[in-house]
Amino acid sequence: MAEQFSGLQVDQISVGYGKALVLEKLSLTVTSGSVVAVVGPNGAGKSTLVRAISGSIRARSGEIRYNGQIISGLAPYRVARKGVLQVPETRDIFSGMTVWENLMVAFDNLNVESARQEAFNEIYDLFPILAKRHQDIAGNLSGGQQQMLAIARALLGRPKLLMLDEPSLGLASLIIKEIYGTLNRLREKGLTVLLVEQNAKMAINFADHSVVLSNGKIVMQGTRDELLSDEALAHHYLGVRTG
Ligand SMILES: Nc1ncnc2c1ncn2[C@@H]1O[C@H](COP(=O)(O)OP(=O)(O)OP(=O)(O)O)[C@@H](O)[C@H]1O
Ligand SMILES: [Mg+2]
């Protein structure tokens, strides 16, 4: 048997909707313990990539492996059981339920009181505002608080690899800073992260390695220094000025 790789390997996947192909033979690696960002404009295929990894849509060809095991073709709940979880672009919280109920739904497969208390304490320590608002209806939370709740719900699934699809979308800069601060704490605890963002500069600065997606293809990749050092390329692909 080949030596087992620790992390995610996306190997030449092609993914689409109906007749249209969005990703064509795309490959990407996320080594355990690292943060990889996927950036790119509207419609580049970022969410499609996350959906393919989580099993929400099926790759037409190619293979996705996690810790050496093939996960492409598995149902989303089985991918999640392997520790690969997503916070989707749509956040998918239950807006009619309270914060606490939303967390309970995410927890329900580990129905041990003591374990639950411990997990909830961890969540409330990461997101103190959720503790404060635990009785409130989720739909009444601010956008930033809803994003925190969405992340909290994913964390209750005990991810090893967490995929976040545009966690900063539509949020004010102060709350974005807070969310990235929390992501940083999670990364320090060893969580592996695949971060999808339209806000390229922020994501590239945060990540160990970044991939720029355009029209379903990787057009650039590298560390923050590599990507931001070439001003012309950074401006062309990322719309960011580095100077
Ligand atoms: N459910 C769907 N059915 C058909 N086409 C879709 C569907 N979802 C996305 N697409 C198309 O696939 C392409 C890639 O979309 P995707 O949502 O992956 O892009 P994205 O990079 O996440 O964009 P954004 O930054 O706007 O979220 C787009 O052309 C989009 O119109
Ligand atoms: Mg998207």
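Coordinate-derived values only; no laboratory data. Please read these numbers as outputs of a predicted model, since none were measured by experiment. Here Cβ is always computed from backbone atoms with ideal geometry, including for glycine, and neighbour counts include all displayed protein chains.
Fraction of C-alpha pairs exceeding 35 angstrom in the chain: 13 percent, rounded to a whole number. Taking label positions 7 Å along the Cα-Cβ direction at both Ala172 and Thr90, the computed distance is 2.8 nm, reported to one decimal. Of all the options Gly18, Gly144, Gly83, the one that moves most in a Gaussian network model of the chain with Cα springs shorter than 10 angstrom is Gly18.
This model, with +1 at the C-beta of Lys and Arg and -1 at the C-beta of Asp and Glu, gives the chain a dipole about its Cα centre of some 440 debye.
Taking a Cβ cut-off of under 12 Å around Lys160, the surrounding Lys, Arg, Asp and Glu residues balance to a net charge of +4, with basic ones at +1 and acidic ones at -1.
Helical content of the chain, expressed as a calculated mean residue ellipticity at 222 nm, amounts to -10000 deg cm²/dmol (DSSP H runs of 4 or more residues, -39,500 (n - 2.57) each, divided by residue number, nearest 500).
How high is the relative contact order of the range 80-180, in percent, counting Cα pairs under 8 Å that sit 6 or more residues apart? Numbers along the way, then the final one.
Details: 115 pairs, mean separation 47.8, N = 101.
Normalised by residue count, the contact order of the range 80-180 is 47 percent.
In this calculation the C-beta distance from Arg78 to Asp230 is compared with R0 = 45 Å, giving a FRET efficiency of 0.65. Under a Gaussian network description of the chain, with springs only between Cα atoms under 10 Å, the residue in Ser114, Ser47, Ser142 that fluctuates furthest is Ser114.
Comparing Ala20, Ala75, Ala150 in a Gaussian network model of the chain (Cα springs below 10 Å), the most mobile by mean-square fluctuation is Ala20. Considering all different alpha carbon pairs of the range 56-183, the Kirkwood hydrodynamic radius works out to 15.5 Å.
Could you state the per residue volume, in Å³, of the convex hull enclosing the Cα atoms of the range 39-123? Before the final figure, lay out each step's value.
Numbers: hull volume 12.4 nm³, N = 85.
Convex hull of Cα atoms, per residue: 146 Å³.
Remark: Tyr17, Tyr66 ranked as Tyr17, Tyr66, counting other beta-carbon atoms within 10 Å and listing the fewest first. Straight-line reach from Lys189: taking Cα to Cα under 20 Å and skipping same-chain neighbours fewer than 8 places apart, the lysines in range are Lys82, Lys160, Lys177.
For the chain, the share of DSSP beta bridges that are antiparallel, to the nearest 5, is 55%.
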